[in-house]
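Participant: First the structure, then my questions, so here it is.
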Amino acid sequence: MAQPANTFDTYDSVGIREDLFDKIYNVDPDETPFLSKMGKVKAKQTNHEWQTDGLDAPSATNIHIEGDDTIAGEVTATTGLSNYTQIFKKAVTIPGTLESTTRAGRGREQAYQKLLKGKALKTDFEMSIFANNAKAVGNGSTGRELAGVPTWLTSNLDDIGSAPNGTGGNTRGDGTQRAFTEGQLKTVLASIWDSSGRKPDCVFLGSFNKQIASTFTGSSTRFDKGETKTLTAVVDVYEYDFGSIRFEPSRHVRSRDVIVVTTDMWAWADLRPMFEEALAKTGDAEKFHIVAESTLVCRNELASGGVFDLTTS
């Protein structure tokens with residue numbers, strides 16, 4: 001069918017307004033599961049310090065005769081640990097012209113960017129928490145760096161590579177990768193219980209190894225409920241001999257690592273909690289940055305562990 005002669009259609013018209021929907025869709029992930037779960041404490045120096053201690057080893061020969069003189073036993077000093085606060089920063093410069101325009105999906109550009117950068121900064125926290133980075137004191141030309149979780153774990157491991165010394169001062173050495181198994185996880189869980197008496201509550205792992213964890217059977221039998229047409233093929237809570245633990249998929253943990261933690265044995269120490277601040281004008285633009293200075297606290301690494309050197313595909 002042909003268009004009638006002299007039809008004035010949308011191709012000929014000038015001045016049709018744009019059809020720009022007044023929303024902005026952002027699907028980038030911004031969750032920070034470990035940061036959200038761990039406690040928050042106040043740091044007072046750039047080198048945040050704490051102490052760990054332990055009981056004497058249990059003895060089956062603590063036997064004494066009547067009237068015997070009491071002799072003092074050996075006393076072991078506490079162990080001092082520390083981590084450096086790391087400065088995190090996001091900055092934006094917005095020209096006056098842009099702020100004066102009308103934009104779809106947001107009002108003031110500065111307010112919108114502050115929201116985005118604040119969320120992004122928190123994901124930087126989470127990425128640093130799981131990084132295999134040793135602590136560094138920094139200097140006038142190099143920033144201080146906090147030690148991430150893998151550098152603290154030395155006791156309860158199933159791995160191929162070399163373990164760090166447990167002070168945050170050196171990284172763990174990666175080894176040959178192998179498949180993640182239920183037996184590896186059970187070995188670590190038993191080791192944590194044996195060495196600390198604690199029952200870890202979270203396992204942080206990437207998407208590939210989370211799917212493998214969902215095939216773990218424990219001592220259960222899975223059922224396909226035909227009447228609901230639903231096949232359950234996921235494990236979120238794993239019950240083991242000493243308790244139960246939740247699998248937490250993480251986009252920020254190294255994909256080759258499975259981190260097993262007792263969350264109350266970790267904390268996030270803020271020297272300067274996240275804040276926003278306007279910067280001096282040097283031209284026709286508004287400048288601001290969002291800053292935080294914080295570090296990771298490993299209260300006692302005996303209550304956590306990990307399975308390392310795993311395949312990722």
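The values are calculated or read from the model by the stated rules, or taken from the named source; none is laboratory data. As the structure is a computational prediction, the values presented were derived from the model and not from experiment. Cβ placement follows ideal geometry from the backbone for every residue including glycine, while neighbour counts extend to all protein chains displayed.
Participant: Between a residue in the stretch 169-188 that is free of Cβ contacts under 8 Å to residues at least 60 places away in the same chain and any residue that is in a helix (DSSP H, G or I), which pairs come within a Cβ distance under 7 Å, given they are 6 or more apart or on different chains?
Facilitator: Sorted first by the residue in the stretch 169-188, then by its partner, the pairs are Asn170/Thr151; Thr171/Thr151.
Participant: Given the options Val149, Val188, Val203, name the one that is in contact with a helix residue (DSSP H, G or I) (Cβ under 6 Å, 6 or more places away or on another chain) and either modelled with pLDDT of 95 or more or more than 24 Å from Pro249 (Cβ to Cβ) (or both).
Facilitator: Val149
Participant: Of the conditions (1) at pLDDT 80 or above; (2) under 29 Å from Phe204 (Cβ atoms), Val75 fails just one. Which one is it?
Facilitator: In the conditions (1) at pLDDT 80 or above; (2) under 29 Å from Phe204 (Cβ atoms), Val75 misses (2) alone.
Participant: At least 1 residues that are without any contact (Cβ under 8 Å) to a residue 40 or more places away in the chain in each: list the strands (runs of 3 or more DSSP E) lying fully within the stretch 39-102 that qualify.
Facilitator: Ranges flagged: 47-52, 79-84.
Participant: Would you tally the residues in the stretch 132-150 being assigned to a loop (DSSP other than H, G, I, E, B) and aliphatic (A, V, I, L, M)?
Facilitator: 4
Participant: Exactly one condition in (1) under 16 Å from Thr85 (Cβ atoms); (2) assigned to a loop (DSSP other than H, G, I, E, B); (3) among the hydrophobic types (A, V, I, L, M, F, W, C) is false for Leu121; which is it?
Facilitator: (2)
Participant: Restricting the search to the stretch 196-216, which residues are assigned to a loop (DSSP other than H, G, I, E, B) and touching a residue at least 40 places away in the same chain (Cβ under 8 Å)?
Facilitator: Passing the criteria: Arg198, Lys199, Pro200, Asp201, Gly206.
Participant: Right, here's the next one. Is it fair to say Pro164 is within 20 Å of the chain's Cα centre (by Cα), over 15 Å from Asp257 (Cα atoms) and either without any contact (Cβ under 8 Å) to a residue 24 or more places away in the chain or in a loop (DSSP other than H, G, I, E, B) (or both)?
Facilitator: In short, no.
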